[in-house]
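Worksheet: one structure, shown below.
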Amino acid sequence: MENATKLEEVRTMEYGGTVSAEHEENEGSCCGPSCCSTDVENGLRAGGTAPEAEAETDDAARLKELVREKYTEIASQDKVENQASCCGSGGCSVEVYNIMTEDYTSLEGYVADADLGLGCGLPTQFAQIKAGDTVIDLGSGAGNDCFVARREVGETGKVIGVDFTDAMLERARTNAVKLGYVNVEFRKGDIEQLPVADDTADVVVSNCVLNLVPDKNKVFGEIFRTLKPGGHFSISDIVIDSELPDPIKSAAEMYAGCVSGAIQKEEYLGLIEKNGFKNVTLQKDRAITVPDDILQRYLDEEALSAFKTSGVGIHSLTVYAEKPATA
Ligand SMILES: C[S@@+](CC[C@H](N)C(=O)[O-])C[C@H]1O[C@@H](n2cnc3c(N)ncnc32)[C@H](O)[C@@H]1O
């Protein structure tokens, strides 16, 4: 329930108001997130789900909704607008307009209309995509990585982008139509339950998306399921190398800007191995410095100073792994 409370706070902040205590009153009364159920008995709901488990599901659903709202807003902006304004990849900083993204513009297949400045690496550069491959891009946004991958798979291959934000899908599909690409498809879906058949892809890529997803273990399970035996992935993402302070964690604005939903590097790599992948390799590991003016929005002076001396690091990494040929 603590997370739900924090999200209510953040939602209030996000829409420009001051933080109110209403969410706490709400929780204690109908219809707050903790009540309005008539079938709570002996600690179990009618379906037999423990209340804690259900609360977790509620929190995950709320986080996803928040992410979807954020990316709906971003889909209507261009890269410059996005990076220079609140809610973009610059994370509202007046000091630095681009804290995560890498420069795509020189990559073959680059499509400016698809580049909203939302990535945190260049996974396609490391993905060893070959002509004729089928590639899946998780959280494809406006199609930035899909169009670069499309250049590599050529006319005989196929690229499938998956995203759950309608406005992003629309923008990506418009881009594909404008370019006349018939082998780039954008499917609506949650990457925790990919709308893709088993053993479909030669390569899976993703750029700065898994950090936004509540159940990263499920996503790696889905990658394993949809890769062909012997296939591989190359994923760029944000991880941390120690616990992030609570105020940062609870700031959904930072979450949707790729930091607060990040998990520890070792845990992230552990999930990959746990799901059966082999040859897990770090292809790139880049330290990210979050500008002070962003941090000051969430931390007081003392907390900021403690954070800066804590050695807590935020990293953009690109990680590769293979599904065994005999899986
Ligand atoms: C940081 S943007 C990255 C977009 C794209 N990869 C790029 O680099 O331009 C994150 C994207 O992931 C999508 N997304 C986040 N969580 C998702 C989920 N659980 N399932 C599907 N898409 C998701 C968002 O809608 C958004 O388009």
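The values are calculated or read from the model by the stated rules, or taken from the named source; none is laboratory data. Predicted model only: the values in this text are computed from it and were never measured. A quick note on method: Cβ atoms are made from the backbone with ideal geometry, for glycine too, and the neighbour counts reach across all protein chains shown.
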**So Asn207, is it within 10 Å of the ligand (Cβ to nearest atom) and at pLDDT 95 or above** = yes
**Message:** Can you go through Ile294, Ile238 and tell me which one is buried (at least 22 other Cβ atoms within 10 Å of the Cβ), closer than 22 Å to Leu63 by Cβ and modelled with pLDDT under 85?
**Reply:** Ile294
**Request:** Among the residues of the range 125-143, write down those that are assigned to a helix (DSSP H, G or I) and modelled with pLDDT of 95 or more.
**Result:** Phe126
**Item:** Per-region count, the range 155-174, residues of a type in the set (Ser, Thr, Tyr) and within 11 Å of the ligand (Cβ to nearest atom)
**Value:** 1
**Message:** Please go through the range 130-149 and give me each residue that is in contact with a Gly (Cβ under 9 Å, 6 or more places away or on another chain) and more than 17 Å from Val196 (Cβ to Cβ), ordered by number.
**Reply:** Lys130, Ala131, Gly132, Gly141, Asn144, Phe147, Val148
**Request:** Looking for whichever is hydrophobic (A, V, I, L, M, F, W, C), buried (at least 24 other Cβ atoms within 10 Å of the Cβ) and farther than 21 Å from Val67 by Cβ here; the options are Val162, Val184, Val177. Which one fits?
**Result:** Val184
**Request:** Answer yes or no as to whether Ile223 is touching a strand residue (DSSP E or B) at 6+ places or on another chain (Cβ under 8 Å), in a loop (DSSP other than H, G, I, E, B) and within 14 Å of the ligand (Cβ to nearest atom).
**Result:** no
